[in-house]
1. With a ≥ b ≥ c taken as the square roots of the eigenvalues of the C-alpha gyration tensor of the range 332-445, please select rounded if a/c is under 1.5 and otherwise prolate if a/b is larger than b/c or oblate if it is not?
2. Given 0.36 nm per residue, what is the gain on full extension from Ser447 to Glu56 after removing their alpha carbon distance, in nm?
3. Along Cα→Cβ, 7 Å out, is where each label goes; now give me the distance between the ones at Asn42 and Thr404 in nm to one decimal.
4. What's the center-to-center distance, using Cα atoms, between the range 126-140 and the range 182-206 in Å?
5. Tally Lys/Arg at +1 and Asp/Glu at -1 over every other residue whose Cβ is under 13 Å from the Cβ of Gly423; what's the total?
6. Which shape class, rounded, prolate or oblate, goes with the range 158-232 when its Cα gyration tensor gives a ≥ b ≥ c as root eigenvalues, a/c under 1.5 marks rounded, and past that a/b bigger than b/c marks prolate?
Amino acid sequence: MPRDKADRHDLYATLGLTAAATDAQVKAAYRRRAMDLHPDRNPGRDTTPEFQRLNEAYSVLSTPARRAEYDRATHYKAAPDAAPDAATTSFPAPVTCMGCAKVSAQPRVVIFRAVKSLVLVSYRRTITGVYCSDCAQKQALKASASTWLLGWWSVPWGPIYTVQALVINLLGGTQPPLENARMLAHQAAYFYATGRPDLAQSLALRALEFANKIPSPLSRRDTTRLEKATLIGNLQVFMRELGQKSQPKQLKNSWSLFHKRFFVQAGALVALLTGIGTAVVNTAFWHDTAPQILVPSSAPPFAMHWPAATPKAAYVRPETAPNGRPWPTTAGYLAGVAQSFNTGLSEVTIDNSKNSADVFLKVVALQGAAATPVRQVFVPAYGQFVIKKLVPGAYDIRYRALDTGELSRAGPIQLHQTTTSRGTEYSLVTVTLYKVASGNTASKALSEDQF
């Protein structure tokens, strides 16, 4: 039975698009909407009917033949300047805020501090994430509130660490230049690919500012120097080509220091700082673990036209885990597989909450002449898992996306643990897995023999 006119219009509306949307925009809109409707984000609400409508709309609009038939039946017309090979074009997925899951034109990688103390021991941790400005303010307030409640109660270092953490959070946390340059460069590519060259140019300018702040390492073995030069060169080429086609969009600085939550934190600190010298704040107590927020690498040069995806051999998800047992139903270690290097205090959180694919991963120790797998973990789609009791040393994370079979590697990650008279310091690292156009996560590629 034919649908009435109002009903025929609902497929594009379900995805929040118009008939002029490209195939890449349809795919990106579906992913964002599916994430918004996931049960973990909607406790107490049944989103099943909306999921069904979303899947129906995507099944039609993502298939060229079915979409063309639908457009003819509803008198929709594609945009006249739409690229004829849009369906085969590789499309960069945007980096989203870890707080609100929205695509922001001004995201940042930010590090906040939190302190917990008890009698003679103080534990300090860094909270690293990709945030929009509003969510960053909320996270700073949350970290400071926790520190206000729990940070003071050890002698003598609790008050010192607490004051330093509160001041750093008050000033907006730390924004590491390398990670921000990578992320903003990727976000610029996303906005260019979605038809917003003005925003792309503004983001490229911001990325270049961060790239110029990247410190040059002293060691010749450190690859940061090469990555900095490559990133700056790619951004300059990207901006020159964009400059011939558009003017940068003037964005209001949403990361200004003075905002309502700044005054909340500042008011709480005024009375305290009256009796404490500013020398405490400048003391170099913090030894931050390098943030492990995974944003796309700057190694590939920017391209104004995204290359077609390379066909891959057919992959079939295995029915059982490598140990021959069924896959776990929740995040956890593979049953029967020994856990080693488990006498330390450091923790690595695997954050797969942005992805619709289950992941099988290995934590590989890089100490010694050979790389050694020390943990094997299953993390479901939209899930997280905390790998605990790791000893100090260098590790990397090697993992397979079980929906596509893609292999990737994150790291290296350097974990520290130091016991002094002031307390025990150890690493708390979060590895956030992001999807990219080909279906794997945004990190270095890995061969089958390396996995």
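1. The shape class here is prolate.
2. 137.2 nm
3. Label at Asn42, label at Thr404, 2.6 nm between them.
4. Their Cα centres are 21 Å away from one another.
5. +3
6. Here the range 158-232 falls in the oblate category.
Readers should treat all values here as calculations from the given coordinates under stated rules, not as data from a laboratory. Here the structure is a predicted model, which means the values were calculated and not measured. Don't worry about glycine lacking a Cβ; one is built from the backbone with ideal geometry, like all the others, and counts go over all protein chains shown.
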